[in-house]
Amino acid sequence: MDKKIKSKKKKKNEEKKDLEKFEKKIETQKKNNLLKVIFLIFGLILIAFFAGYSIMESKKSFEYKGVKFNVIQEGELTFYNTQIPIYSKSGEKISAYNFYLRTDPRELAKIDFNGTITPMKLMALNYTEDLNCQGYGIIAMTNIINLYQLIGTKVTVDKNATCDTEGRYAFLNIQKTSENKLEEIGTNCYNLNIKNCDVFPITEKFMLETFVKIKQNNIRAISSSA
C-alpha cells in the first residue's frame, strides 16, 4: 500500500515538474517571440529612417555625369549650385568658384544636343541687342563668360564675329528665334536659340555640357595671382 502511495506521489511530482518545464518553455518562447517582434519593429524603423534620410539627401544634392549639384532654396527661388575648384600655379587647390543655375540640370539633360563642346583658348561671343530680357540676358551671358574665363579662355564680345571654318576659336551666337534650341553649326561653333526671352534653359544647357567636359577632361581653373 505504501509503495503504491509513494509511486503515485512520485508520478505526480514528475508530472508537476514536467508541467513546470513545459510552462517555462512556453514562457521562454513567448519572450523570444516578443524580442523578435521588437527587433523586427526596430529594424523596420531604422530602415524607414535611413530610407527617408537618403531621399531627403537626394533632394538636396545629386550628380549629373559626375558633376555634383546642391539644391539651394532661397524663398520661392530654387538654385542648383556647383563649384569649379581653383588651383594655384603649383597645383594646390586654394578655393572654388560657385555657379548657380536656375534650371534643374536633370531637366536640362532632356534638351536635345547632338554636338560636342570643346573648350578653346579663344571664344568670340555674338548676341542680339534685344536679348536684354529685363536683365536676364545679361546675367546668362555673364555666367557663360565667367565660366570660360575661369578655365583660361579669352572671351571677346563681338557683334561682327562669325564661325571660323577652320575651328581655330570657339564661336557662340546667342540669338532670338522661334524655338529654344542649342545646335552646333560648325567646328566649335554654336547657336544658342532663345524663344520669348526664355534665356536660362539654353544658356544653362551650354554651361552644363561645359561642366561635364571640364570634369571629364580634368580641366583646371588656375589662379593668376597664386
Within region 184-219, tally of residues that are of a type in the set (A, V, I, L, M, F, W, C), more than 23 Å from G167 (Cα to Cα) and free of Cβ contacts under 8 Å to residues at least 60 places away in the same chain: 0
Test: residue in region 123-138 that is surrounded by 14 or more Cβ atoms within 10 Å (Cβ to Cβ), out of contact with any Leu (no Cβ under 6 Å at 6 or more places or on another chain) and on the phi > 0 side of the Ramachandran plot: yes
Verdict on Y80 being assigned by TED's automatic domain parsing to the domain that holds C197 and surrounded by 17 or more Cβ atoms within 10 Å (Cβ to Cβ): yes
Residue within region 192-202 that is at pLDDT 90 or above, surrounded by 20 or more Cβ atoms within 10 Å (Cβ to Cβ) and not in a helix (DSSP H, G or I) present: yes
Matching residues, region 78-130, being farther than 19 Å from C163 by Cα, aromatic (F, W, Y) and touching a residue at least 24 places away in the same chain (Cβ under 8 Å): Y80, Y87, Y97, F99, Y100
Cross-chain or 6+ apart pairs with Cβ under 8 Å, region 151-162 first and under 29 Å from S88 (Cβ atoms), then in a loop (DSSP other than H, G, I, E, B) and of a type in the set (D, E, K, R): I151/R220; G152/K121; T153/K121; K154/K121
Test for M141: is it part of a loop (DSSP other than H, G, I, E, B) and out of contact with any helix residue (DSSP H, G or I) (no Cβ under 7 Å at 6 or more places or on another chain): no
Condition met for T177 (without any contact (Cβ under 8 Å) to a residue 24 or more places away in the chain, surrounded by fewer than 20 Cβ atoms within 10 Å (Cβ to Cβ) and in the same structural domain as I117 (by TED's automatic domain parsing)): yes
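The values are calculated or read from the model by the stated rules, or taken from the named source; none is laboratory data. Keep in mind it's a predicted model, so treat the numbers as computed, not measured. No Cβ is skipped: glycine too gets one built from the backbone with ideal geometry, and neighbour counts run over all protein chains shown.
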